[in-house]
Amino acid sequence: MKISLIEENRKRTVQNDVICKIRDLVNTRNLEFGDKLPSERFMSEKFEVNRNQIREAIRRLEFFGVLKSKAQSGTILNVGLIGFNAIINEIVSLDIPTFKQLVETRITIELKTVCLAAERRSEEDLQKIHSALHSLKLKLISGEDHLEDDLLFHIEIAKASKNNALLTFMLLITPSILAIYDKDTVCEGDKVTSEIKKHEDVYLAIKSKNVKLAKKMMKEHFVKLSQHLEGV
């Protein structure tokens, strides 16, 4: 099920509000590096939000490194108060990336992951990429919605790169691309055989462990999308 931009903006607004309340609570209590935050239950009641919203806000702050959760110890401040406030201000001021920004990031990441995948892939990795390719081909031939299968093919390539940081970035931007991509017509008019061949060429380059060819095939795969972005 696709997530609408309106819903995503609403969730981000609520989450930012919770984050600001956590910031204010930390400042009121003058917490410093290593100090423990109040319990999720306490914050949920104080902020009048459910505990899931508290957990989501904490997870986001953990991602940015300002909080750290320890088993049986709760959540602690992972930076000093000055740094905490500065980072929180940056976090809540971040806008949701545009479709163009998301896709530019995706292309940049994928040109690197496909090179690493061609260099580092195992036989098991290759089998998973091929399986994802097969599923994608079936959807294309039958005329079914193939967007998620397409992105899963690219995620398998990212896994084969053996770089968890690159894979993490791919997984972070994928839901947002899924939410927006179907509203655009960047791939409209592509013939099924042409679309299949572009993916097969990438796969075969990875299979042959030809790094330069893999990058070239991925660039060609993104030609139409890159041209579309130039007009956005």
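The values are calculated or read from the model by the stated rules, or taken from the named source; none is laboratory data. Being a predicted model, the structure only gives us computed values, none of them experimental. Ideal geometry is used to build each Cβ from the backbone, glycine not excepted, and the neighbour counts take in all protein chains shown.
For the stretch 188-200, does any single residue satisfy the condition of being assigned to a helix (DSSP H, G or I), assigned by TED's automatic domain parsing to the domain that holds R121 and either more than 18 Å from S135 (Cβ to Cβ) or modelled with pLDDT under 80 (or both)? First the steps, then the outcome.
As a first pass, look at the stretch 188-200 and keep what is assigned to a helix (DSSP H, G or I): 192-200.
Among the residues that remain, those that are also assigned by TED's automatic domain parsing to the domain that holds R121 are: 192-200.
Narrowing the set further to residues that are either more than 18 Å from S135 (Cβ to Cβ) or modelled with pLDDT under 80 (or both) leaves 194.
Checked the stretch 188-200: at least one residue is assigned to a helix (DSSP H, G or I), assigned by TED's automatic domain parsing to the domain that holds R121 and either more than 18 Å from S135 (Cβ to Cβ) or modelled with pLDDT under 80 (or both).
Look through the stretch 80-104, keep the residues that are touching a residue at least 60 places away in the same chain (Cβ under 8 Å) and not in a helix (DSSP H, G or I), and return whichever of them is surrounded by the fewest Cβ atoms within 10 Å (Cβ to Cβ).
Of the residues in the stretch 80-104, the ones touching a residue at least 60 places away in the same chain (Cβ under 8 Å) are 84-85, 88, 91-92, 96-97, 99-100, 102-104.
If we keep only those that are not in a helix (DSSP H, G or I) too, we end up with 96-97.
Numbers: I96: 13, P97: 15.
Within the stretch 80-104, the match that is surrounded by the fewest Cβ atoms within 10 Å (Cβ to Cβ) is I96.
Do we have I54 as in contact with a helix residue (DSSP H, G or I) (Cβ under 6 Å, 6 or more places away or on another chain), of a type in the set (A, V, I, L, M, F, W, C) and within 30 Å of L225 (Cα to Cα) here?
Numbers: in contact with a helix residue (DSSP H, G or I) (Cβ under 6 Å, 6 or more places away or on another chain): yes; of a type in the set (A, V, I, L, M, F, W, C): yes; within 30 Å of L225 (Cα to Cα): no.
In short, no.
How many residues are surrounded by 15 or more Cβ atoms within 10 Å (Cβ to Cβ), free of Cβ contacts under 8 Å to residues at least 40 places away in the same chain and part of a helix (DSSP H, G or I) if we restrict to the stretch 105-147?
6
Within the stretch 57-68, identify whether any single residue is surrounded by 15 or more Cβ atoms within 10 Å (Cβ to Cβ), in a helix (DSSP H, G or I), free of Cβ contacts under 8 Å to residues at least 60 places away in the same chain and touching a helix residue (DSSP H, G or I) at 6+ places or on another chain (Cβ under 6 Å), and answer yes or no.
For the stretch 57-68, residues surrounded by 15 or more Cβ atoms within 10 Å (Cβ to Cβ), in a helix (DSSP H, G or I), free of Cβ contacts under 8 Å to residues at least 60 places away in the same chain and touching a helix residue (DSSP H, G or I) at 6+ places or on another chain (Cβ under 6 Å): present.
Could we say that K219 is under 15 Å from V103 (Cα atoms), surrounded by 14 or more Cβ atoms within 10 Å (Cβ to Cβ) and at pLDDT 90 or above here? Break it down stepwise before answering.
Values: under 15 Å from V103 (Cα atoms): yes; surrounded by 14 or more Cβ atoms within 10 Å (Cβ to Cβ): yes; at pLDDT 90 or above: yes.
Yes.
In this structure, is K21 exposed (fewer than 15 other Cβ atoms within 10 Å of the Cβ), assigned to a helix (DSSP H, G or I) and at negative phi?
For K21, the condition - exposed (fewer than 15 other Cβ atoms within 10 Å of the Cβ), assigned to a helix (DSSP H, G or I) and at negative phi - is not met.
Do we find that K212 is loosely packed, with under 14 Cβ neighbours inside 10 Å and at pLDDT below 85 in this structure? I'd like the intermediate steps shown before the answer.
Details: loosely packed, with under 14 Cβ neighbours inside 10 Å: yes; at pLDDT below 85: no.
For K212, the condition - loosely packed, with under 14 Cβ neighbours inside 10 Å and at pLDDT below 85 - is not met.
Checking M1 against (1) at pLDDT 95 or above; (2) loosely packed, with under 14 Cβ neighbours inside 10 Å; (3) more than 16 Å from I91 (Cβ to Cβ), which test does it fail?
Condition not satisfied by M1: (1).
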